[in-house]
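Q: Dropping a structure here in structure tokens format, bear with me for questions.
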Amino acid sequence: MRKDYSLEKRKYVIGGFIAVIVLIYIIRLFNLQVTNDKYKESADSNAFLKRVIYPSRGLIYDRNGKLVVFNKPAYDVMLIPKDVGEFDTLALCSALNLTKEQLADKWADMKNPRKNPGYSAYTPQKLISQLSIEDYGKFQEKLNLFPGFFVQKRTVRNYAYPAAANILGNIREVSVKDIDRDRYYRRGDYTGDLGIEKSYEVALRGQKGIEILMKDAYGRIKGKYEDGIYDISPESGKNLTLSIDIELQEYGEKLMQGKIGAIVAIEPKTGEILALVTSPNYDPSLLVGKDRGKNYAALVQDPLKPLYDRALQGAYPPGSTFKPTQGLILLQEGIVNLNTMYPCHHGYVNGLRVGCHGHASPISLKPALQTSCNAYFCWGLKNMIDKSGTKAANQLTKWKDYMVEMGYGYRLGVDLPSESRGFIPNADYYSNSFRGSNWSANTIISISIGQGEVLATPLQIANLCATVANRGFFYTPHVVKEIADSVIDPKYKEAHRPKIKKEYYEAVAEGMRMAVTGGTCRLANLPDIEVCGKTGTAQNPHGRDHSAFIGFAPYQDPKIAVCVYVENAGFGAAYGVPIGSLMIEKYLKGEISEARKGIEQRMLTSNTIETSGVKKH
Amino acid sequence: MESRNTDTSTSVFKSLDWITVLLYLILVTVGAISIYAASYDFDNASLFDLNEFSGKQILWIGLSLLVGLVILLMDYRIFKIYAYPIYGIVLIVLIVTIFIAPNTKGSHSWLVFGPVSLQPAEFGKFATALCLAKLFDSYNFVLNQKISNYFRALIIIFLPIILILLQRETGSALVYVSFIFVLYREGMSGLVLFSVLCAITFFVVAVKFADPLILGIPMGEFTVFLLIMLIFVCMLLFYCKDGIVGRNVLIGFAGSGVIVSVLAFFGVVLNGTIYFLSALGIGMVYTSIMMFRHRIGKYLITIGFVATSVMFLFSVNYVFGNVLEPHQQQRIKVALGIEENIMGAGYNVNQSKIAIGSGGIAGKGFLNGTQTKLKYVPEQHTDFIFCTIGEEEGFIGSVAVLILFLGLILRLIHIAERQRTAFERVYAYCVVSILIFHLGINVGMVIGLCPVIGIPLPFFSYGGSSLWGFTILLFILLRLDAARKERTD
């Protein structure tokens, strides 16, 4: 066999051919593996399932250790659109208890970029939120029929009492704004809405954990990545103990049934709020679960505005409950002493007339408080404003400063969202509103009896009552007593002392005691508790007078200071005093004495909304 | 006889090509480890567990080494003497397989013996190689001497192709096409090889770039026309020493191209097909006139090549649209990147690219590959075994494996060329061709450069038949090579 040497050179062509192929493949590999990051990301999203482990939200107890808010499991139906395979729509409908149309709506909502801006076919999307445990059980059984679907366990709030919705607030899904504001949140997270759920959100929510799982090509979980060393375990939310006495709160809400208004009860020694009732109220359970949206909309549309917390946000004319503040200022400023007498001829008559009711005249401070004499406080303010040797504006500024020290005119700083500041006018305000023409003591005289421009929230009024009970100091009112393993804001441990002598407070307290024993608040004169009180009957442009009351007890060692404010219910003695005294009795005695059951019954059943004279109701 | 046998066995190991043996051992070992990695399921199965793919593969490797040893101890002349009978027996087995093999994923290529399955197509390779070698070794056989020699060679190659196609194992059948390298080495005109490469290129370009339209024809078609023009000019320049004809054709093409471009710029768009056909036609007429004037016969080849190319181009669309089956069309489209259907036919390739791409330079480390472990890549222990290396050993590991294969193939070419007779040389080139085809197609498919054709990566992919097939193929060559010093004829 001869050897053809020209053909032998062809080995270079063949060898060169495979060498070029290998070179091309190496370049391709370089491109895939070295210069391109996209495959690495794809691999991670392929193989890793980063599952958020939601911490359980902090529990909420009342001041006596009664569990008020706890968690129950709820189940969100999730799906990853690209993994969703063929499934039987009707079977899904029956498993989820939905009609075909409802399912189609939910599906459309999920894909709607406006309602669900984070929609992506590659990430978990929520189809249905907060399935109950029964529905979950049904669905879980059939889950294998629906590829791409899974269930995420969440916890939702459960309420042991149908009360205190305004204090507790509720939880809702975060909005786009929340996510922008706080990087902690991801779409679908829950956050507190209203109440302490909102103001103590950071303590209650805890810290989310992350579990890195590996999933195989069929979506089956194949265990933890690297045995979980990269996992972050969740931190449970902190439990809160409220200063609220949940039974007193519930009782207050019952008393306020059929009425519009608020009750605030404070423990004077600590500033802890014992009850914060607004009426009308709603059951906090309404804002949990599948129907939250529907119920929330109904509450927003209710003309009686149950979502409006009148105890904190309602700015009312304080009426005669304002008189103790006036007495204190007059004494401290030396305008009057305890023996100073002012005449009352059925009212303040000095170019204009402010009416009053029948009692002895002239009258000094304590009886004036006892009988709620308007004339006394009008004369007092007039003499203060018109004091010789100083300008009226300076005197009014002085007056305003005292009021602010006593907690009026600005937000007190309660640990709940959306507190209103009320209103205390100052000299500038009057200069502006009278537009150059001079204002005088007479033109502003009604502020001395808590009318006119003066506005205060029931919380501020209750705080005044607590200050009198303490004979001269108060702690900023607050509803949270303890945060587990943590301290509450130090500002709630700091006493505020208006620059008014203790003895003057003592005098005012005595006057308020007299009002109970022999004045306007006789209905609050309990046989075994020394109650001090002051009524208020506030004129207002909406209808009948508002009925108000402040009171504290016991006289010498006050344990509770309460403010009751019932809109358009008439005299302070009509609703304010009985409700306030029942609250005091309930808190101090635990029950209502037989003798007073009748009053209790009347308060529980009466309805002032119908008789308010306000047409829109 | 006794002493001669001893001589043989000692001289075999003395003159054995140990470099090839070493490369072989490295490849099968790395292969078994990769299979272990690919089928490792976080349950810490032992490498040697016989219930696992890796354990079975190690058993297969052991048996392969035994087979290899037996081959080395056999008389080298047996292969030449029994080449035709072996070929015949394998053909019969292939025919029988068509009828008795159960349906396995649509193909009828596996013979099942209890727990063991064998794929006769894997053994067809060495049998066909031996048969082809024997043909070329016939007395005074020169491929180019008679056209009937081509027919005889092609019959030997195409009989197993047809039988394997009948088993619906397209991938394994295509392997035999690689024997074109053997024919080329033994004297077939380089033009044929060049034509085949052109055909593949034209096909890919024409199918892949369906849009945008240029001059009213798809960009792919447009590009192929330009390539044909380029080849036309190059061939003319190559065949004619003074190159005047080639230069004139080039000037003609360039000039007409400029005119068409200027016209297109002013909004007068000529039909591309008409332009290219007339330009090429005028070029061919001019060339044939020159052919007769200067009596240069090789111009005829040029004209024929150009004419065939144009016809091929026109038939591509027809073949692609009407001849190929839908799943084949789709595989080709996916491989060419036309279709991005990552959930359908492109799933394998996409997942394998993700697995390899996520490996980075140094890889994720042995047994740390998430993609292969979590079964994202289908067939990862068989046809897609290269993914595991790409993911766990990264760019460095993948390149190392490619270099090992390249080294083996170049070494085999070297061995082929040092043989003194056609039988050994042709057989060696058969082995080289098969390895080139398997490596090129398998790795190309895994990294998304070739259509998905289900053929294994030699020595790596799981499976006894494939490993045995390649081992027998390689060790017969080693046996023949070791005997080159024993031979007296």
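The values are calculated or read from the model by the stated rules, or taken from the named source; none is laboratory data. What you are looking at is a predicted structure, and each value in this text was computed from that prediction instead of being measured. Quick reminder, even Gly has a Cβ in these numbers, built from the backbone with ideal geometry, and neighbours come from all protein chains shown.
Q: Quick one: in the range B:174-202, of everything that is buried (at least 20 other Cβ atoms within 10 Å of the Cβ) and closer than 27 Å to B:K298 by Cβ, which residue is farthest from the other protein chains (Cβ to nearest Cβ)?
A: Just the residues of the range B:174-202 that are buried (at least 20 other Cβ atoms within 10 Å of the Cβ), to begin with: B:175-176, B:178-179, B:181-186, B:202.
Then keep just the ones that are closer than 27 Å to B:K298 by Cβ; that gives B:181-186, B:202.
On the way: B:F181: 5, B:V182: 9, B:L183: 11, B:Y184: 6, B:R185: 5, B:E186: 7, B:F202: 18 Å.
Selected residue: B:F202.
Q: May I ask you to verify whether B:P85 is farther than 29 Å from B:A483 by Cα, surrounded by fewer than 20 Cβ atoms within 10 Å (Cβ to Cβ), of a type outside the set (A, V, I, L, M) and without any contact (Cβ under 8 Å) to a residue 12 or more places away in the chain?
A: no
One line per residue, one yes/no per condition, for (1) more than 19 Å from B:P451 (Cα to Cα); (2) under 16 Å from the mean Cα position of the chain (by Cα):
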| site | (1), (2) |
| --- | --- |
| B:I156 | yes, no |
| B:I162 | yes, no |
| B:S178 | no, yes |
| B:V205 | no, no |
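Q: Considering each residue of the range B:391-431, count those that are facing chain A (nearest Cβ under 7 Å) and part of a helix (DSSP H, G or I), and give that number. Working first, answer last.
A: Taking the range B:391-431 and keeping what is facing chain A (nearest Cβ under 7 Å), we get B:394-395, B:398-399, B:402, B:406, B:409-410, B:413, B:417, B:421-422.
Checking the rest, the ones that are also part of a helix (DSSP H, G or I) come to B:394-395, B:398-399, B:402, B:406, B:409-410, B:413, B:417, B:422.
The total comes to 11.
Q: Next question. For the list (1) within 11 Å of another protein chain (Cβ to nearest Cβ); (2) surrounded by fewer than 23 Cβ atoms within 10 Å (Cβ to Cβ); (3) closer than 22 Å to B:A32 by Cβ; (4) at pLDDT below 85, I need the number of the one condition that B:C450 fails.
A: (3)
Residue-by-condition table, conditions (1) part of a helix (DSSP H, G or I); (2) surrounded by fewer than 13 Cβ atoms within 10 Å (Cβ to Cβ); (3) among the charged types (D, E, K, R):
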| residue | (1), (2), (3) |
| --- | --- |
| B:L230 | yes, yes, no |
| B:C234 | yes, no, no |
| B:G246 | yes, no, no |
| B:V260 | yes, no, no |
| B:V268 | no, yes, no |
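Q: Still on this structure, please answer the following. Can you name the residue in the range A:335-357 that is within 43 Å of the chain's Cα centre (by Cα) and over 25 Å from A:E453 (Cα atoms) and is also surrounded by the most Cβ atoms within 10 Å (Cβ to Cβ) among such residues?
A: Applying the filter and picking the extreme gives A:L338.
For every residue, the table says whether it meets (1) crowded, with 21+ Cβ neighbours inside 10 Å; (2) free of Cβ contacts under 8 Å to residues at least 24 places away in the same chain.
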| site | (1), (2) |
| --- | --- |
| A:S132 | no, no |
| A:K138 | no, no |
| A:L145 | no, no |
| A:G148 | no, no |
| A:V151 | no, no |
| A:L168 | yes, no |
| A:D180 | no, yes |
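Q: Need the failing condition index for A:G543 against (1) in contact (Cβ under 8 Å) with a residue 60 or more places away in the chain; (2) not in a loop (DSSP other than H, G, I, E, B), just the number.
A: Status for A:G543: all satisfied but (2).
Q: Next up: Being at positive phi and outside any helix (DSSP H, G or I): is that true of A:G533 here?
A: Criteria not met by A:G533.
Q: Now for a different question. Listed residues A:L287, A:L255; which is under 15 Å from the mean Cα position of the chain (by Cα), assigned by TED's automatic domain parsing to the domain that holds A:Y505, within 30 Å of A:Y575 (Cβ to Cβ) and buried (at least 16 other Cβ atoms within 10 Å of the Cβ)?
A: A:L287
Q: Shifting gears a bit: For the range A:39-152, give me every one of the strands (runs of 3 or more DSSP E) that falls completely inside it and has 2 or more residues that are under 30 Å from A:D283 (Cβ atoms) and modelled with pLDDT of 80 or more.
A: A:67-79, A:125-131
Q: Out of everything in the range A:29-38 that is assigned to a helix (DSSP H, G or I) and facing chain B (nearest Cβ under 8 Å), what residue ends up being farthest from B:A362 (Cα to Cα)?
A: Filtering first and then ranking leaves A:K38.
Q: Of all residues being closer than 23 Å to B:I453 by Cα and surrounded by fewer than 24 Cβ atoms within 10 Å (Cβ to Cβ) in the range B:369-380, which is nearest to the other protein chains (Cβ to nearest Cβ)? Just the residue, please.
A: By that ranking, first place goes to B:K375.
Q: For the range A:99-117, which positions are in contact with a strand residue (DSSP E or B) (Cβ under 9 Å, 6 or more places away or on another chain) and farther than 18 Å from A:G188 by Cα?
A: Passing the criteria: only A:L103.
Q: Is it true that A:R10 is crowded, with 20+ Cβ neighbours inside 10 Å, more than 14 Å from every other protein chain (Cβ to nearest Cβ) and either farther than 30 Å from A:S129 by Cβ or at pLDDT below 90 (or both)?
A: Details: crowded, with 20+ Cβ neighbours inside 10 Å: yes; more than 14 Å from every other protein chain (Cβ to nearest Cβ): no; either farther than 30 Å from A:S129 by Cβ or at pLDDT below 90 (or both): yes.
No.
Yes/no matrix, rows are residues, columns are (1) surrounded by 14 or more Cβ atoms within 10 Å (Cβ to Cβ); (2) touching a Ser or Thr at 6+ places or on another chain (Cβ under 8 Å); (3) modelled with pLDDT of 90 or more:
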position	(1), (2), (3)
B:T6	no, no, no
B:K14	no, no, no
B:V30	yes, no, yes
B:Y36	yes, yes, no
B:D41	no, no, no
B:L47	yes, yes, no
B:F53	yes, yes, no
B:W60	yes, no, no
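Q: With the checklist (1) facing chain A (nearest Cβ under 10 Å); (2) over 27 Å from B:I332 (Cα atoms); (3) without any contact (Cβ under 8 Å) to a residue 24 or more places away in the chain in hand, flag the one item B:I354 doesn't pass.
A: Checking B:I354 against (1) facing chain A (nearest Cβ under 10 Å); (2) over 27 Å from B:I332 (Cα atoms); (3) without any contact (Cβ under 8 Å) to a residue 24 or more places away in the chain, the one that fails is (2).
Q: A further question on this structure: Restricted to the range B:334-389, and to residues that are in a loop (DSSP other than H, G, I, E, B), among the hydroxyl-bearing types (S, T, Y) and modelled with pLDDT of 75 or more, which residue is farthest from A:K82 (Cα to Cα)?
A: Out of the qualifying residues, it is B:T382.
Q: Same structure, new question: For the range A:570-580, indicate whether the set of residues that are on the phi > 0 side of the Ramachandran plot and more than 28 Å from the chain's Cα centre (by Cα) is non-empty.
A: Yes, the conditions are met somewhere in the range A:570-580.
Q: Of the conditions (1) in a strand (DSSP E or B); (2) more than 30 Å from A:N144 (Cβ to Cβ), A:I26 clears all except one; give me its number.
A: (1)
Q: Being surrounded by 10 or more Cβ atoms within 10 Å (Cβ to Cβ) and modelled with pLDDT under 80 is the filter here; which residues of the range B:311-320 pass it?
A: The answer is B:N317, B:V319, B:F320.
Q: Looking at (1) out of contact with any Phe, Trp or Tyr (no Cβ under 6 Å at 6 or more places or on another chain); (2) under 22 Å from B:L191 (Cα atoms); (3) of a type in the set (S, T, N, Q), find the lone condition where B:Q328 falls short.
A: (2)
Q: Which numbered condition in (1) within 14 Å of another protein chain (Cβ to nearest Cβ); (2) within 22 Å of B:Q371 (Cβ to Cβ); (3) surrounded by fewer than 19 Cβ atoms within 10 Å (Cβ to Cβ) is the only one that A:F17 fails?
A: (2)
Q: Looking for something away from chain B (no Cβ under 11 Å), closer than 30 Å to A:S486 by Cβ, exposed (fewer than 13 other Cβ atoms within 10 Å of the Cβ) and touching a residue at least 12 places away in the same chain (Cβ under 8 Å) - is there at least one such residue anywhere in the range A:39-57?
A: Checked against the condition, which is being away from chain B (no Cβ under 11 Å), closer than 30 Å to A:S486 by Cβ, exposed (fewer than 13 other Cβ atoms within 10 Å of the Cβ) and touching a residue at least 12 places away in the same chain (Cβ under 8 Å), the range A:39-57 yields no hits at all.
Q: Also, quick follow-up: Which of (1) within 14 Å of chain A (Cβ to nearest Cβ); (2) touching a helix residue (DSSP H, G or I) at 6+ places or on another chain (Cβ under 7 Å) is the odd one out, the single condition B:F460 does not satisfy?
A: (1)
Q: Go through the range A:498-518 and give me each residue that's surrounded by fewer than 24 Cβ atoms within 10 Å (Cβ to Cβ) and either of a type outside the set (A, V, I, L, M) or assigned to a strand (DSSP E or B) (or both).
A: Within the range A:498-518, A:P498, A:K499, A:K501, A:K502, A:E503, A:Y504, A:Y505, A:E506, A:E510, A:T517, A:G518 qualify.
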